[in-house]
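Remarks on the structure that follows.
The values are calculated or read from the model by the stated rules, or taken from the named source; none is laboratory data. In this text, all values refer to a predicted model and were calculated from it rather than measured experimentally. Don't worry about glycine lacking a Cβ; one is built from the backbone with ideal geometry, like all the others, and counts go over all protein chains shown. These area figures cover heavy atoms from the full protein model, side chains too; ligands, DNA and RNA do not enter into them. Shrake-Rupley method; radii C 1.70, N 1.55, O 1.52, S 1.80 Å.
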Amino acid sequence: PYAVIIVLDNSWSMNEGITSSIGKINLAKEIAITAMENLSKGDWLALVSFDSDYHNIINPTKVANLEPLKYEVSRINAFGMTNILGGLGEAARILQSIDAGYKHIVLISDGNETETGTDYSRLLATLSQQHVTLSTIGVGLQPNDKLLNTLAYAGKGRYYAAKSLAEIPAVMLQEAKGVGDPLVVAAPLPIH
């Protein structure tokens, strides 16, 4: 089975609007739900959201009826600071207890960290040792492409930028097609 942990940013910056009626948090939740819908019955799913802390919204479960899980995602609101490392660390911890042939984390965020200079190297080394891949999806008009692309590259995954609801199905279909296939990784952006 395939195991995916969705790590969703619900920090205050996710309240910012993409349009007059759609905020980044709305886009992030739609992406999460689309990712869930691309899983097959029997695959493992969990969802961790993060603000100043992390929250286990969906505990590890085998995919069956998605409706109650989608409802839990729809209830997420944006508040607090941004602790990307905490959310990713919790996802890595959860994946240790799941027996699956392919383990993948999908980080959905604008990448606007509250604390600069966060060191992800230990986490990324742990993911590599556990054979866990990490893809990132940047939401909003100006996501932190440098951080999100670097995390995806180091996590042997992919980086996508989603600026509208219309882009979501294509993004998630591309991610779903990567299951079982070697991931194609773009070159990292230079860090200045």
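Some values worked out for this structure:
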read-out	value
Residues of the range 91-121 satisfying the condition of being charged (D, E, K, R), surrounded by fewer than 16 Cβ atoms within 10 Å (Cβ to Cβ) and modelled with pLDDT under 95	D99, E115, D119
Flag for T126 being open to solvent by less than 50 Å² (accessible area, probe 1.4 Å), of a type outside the set (A, V, I, L, M, F, W, C) and part of a helix (DSSP H, G or I)	yes
Selection status of V185, closer than 23 Å to G17 by Cβ and at pLDDT below 95	no
Where a residue in the range 138-164 is open to solvent by 40 Å² or more (accessible area, probe 1.4 Å) and in a helix (DSSP H, G or I) and its partner, wherever it lies, is modelled with pLDDT under 95 and not small (G, A, S), with Cβ under 6 Å and at least six apart	K146/L189; Y153/V185; Y153/P188
Of all residues making up the range 58-90, the number that are open to solvent by 50 Å² or more (accessible area, probe 1.4 Å), touching a helix residue (DSSP H, G or I) at 6+ places or on another chain (Cβ under 8 Å) and over 19 Å from V132 (Cα atoms)	4
Residue check, A152 over 17 Å from L85 (Cβ atoms) and either in contact with a strand residue (DSSP E or B) (Cβ under 8 Å, 6 or more places away or on another chain) or among the polar types (S, T, N, Q) (or both)	no
Some residue of the range 56-65 being out of contact with any strand residue (DSSP E or B) (no Cβ under 7 Å at 6 or more places or on another chain) and over 21 Å from G89 (Cβ atoms)	yes
Qualifying residue in the range 100-110 (condition: more than 19 Å from S11 (Cβ to Cβ), part of a strand (DSSP E or B) and without any contact (Cβ under 8 Å) to a residue 60 or more places away in the chain)	no
Residue that is surrounded by the fewest Cβ atoms within 10 Å (Cβ to Cβ) [pool: residues in the range 4-53 that are touching a Phe, Trp or Tyr at 6+ places or on another chain (Cβ under 7 Å) and among the acidic types (D, E)]	D43
Residue check, L165 closer than 20 Å to N10 by Cα, over 15 Å from the mean Cα position of the chain (by Cα), modelled with pLDDT of 65 or more and not aromatic (F, W, Y)	yes
